[in-house]
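The values are calculated or read from the model by the stated rules, or taken from the named source; none is laboratory data. Note that the structure is a prediction, hence the values are computed from the model and not measured. Because the Cβ atoms are built from the backbone with ideal geometry, glycine has one as well, and the counts that use them run over all protein chains shown. Note: areas computed on protein heavy atoms with side chains; ligands, DNA, RNA excluded. Shrake-Rupley method; radii C 1.70, N 1.55, O 1.52, S 1.80 Å.
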Amino acid sequence: EIIREKNSGDLCLFIFDLNELKKINDTYGHEQGDDYIIKSVKIIKSVFKNQIIYRIGGDEFATFVDGADFNNRYYLLETFNNIIESNIGKHEPIIAAGFADYVPGKDHSLRSIFTRADERMYSRKKKLKDMETGETKEVKEKETSASESMSRMEFYEMFYEHDKHSLINLLNSSSCDEIIEVDLAND
């Protein structure tokens with residue numbers, strides 16, 4: 001209903017996934033798992049104060065962000081991620097988060113927004129697991145460098161090798177969110 005009624009793109013969906021809930025339930029019991037869920041939701045709610053938090057699965061939660069908070073969504077994500085990273089190694093909840101903006105004309109259902117947000121959440125989940133296992137800085141730098149090189153190549157191919165791509169077509173592609181985050185004037 002929100003998507004059908006929304007005329008502007010000032011809406012995004014955040015997805016949250018609690019790391020290790022199954023392990024906690026299996027190792028310490030469901031009462032400890034329930035405590036972990038409660039602590040996790042308190043962390044989510046401490047950052048996303050103005051939103052309703054929905055439980056969409058055993059260890060997954062979601063919220064819609066719009067209005068003034070929509071303009072601060074990157075700040076909200078950064079604040080949330082800083083809290084979670086400070087929990088690493090402290091037996092505190094580790095929660096992966098990702099979000100995707102609603103794009104009018106492109107998103108006709110919750111599924112398309114959810115899919116993008118979920119992909120980002122799983123990417124963050126992997127990064128958090130790497131942080132927890134103490135992956136070395138050298139490995140991370142190599143992966144980051146390779147990822148940046150791949151992104152540059154994809155961007156180059158879209159603009160230069162396929163000259164029929166207009167900016168409008170590019171923004172309507174599946175890479176829309178990543179490209180919007182690029183400062184096109186300077187990059």
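Working from label points 7 Å from Cα in the Cα-to-Cβ sense, the E85 to S46 distance is 1.7 nm. Available extension along the chain between H108 and Y54 is 17.4 nm, counting 0.36 nm per residue and deducting the alpha carbon span. Report, in listed order, any pair from K45/K125; K23/K49; K22/K49 with a Cα-Cα distance greater than 23 Å. Beyond 23 Å: K23/K49; K22/K49. The length gained on full extension between D26 and K126, counted as 0.36 nm times the residue separation minus their Cα-Cα distance, comes to 33.9 nm. The residues R116, R4, sorted by heavy-atom accessible surface at 1.4 Å with ligands and nucleic acids left out, run R4, R116 from largest to smallest.
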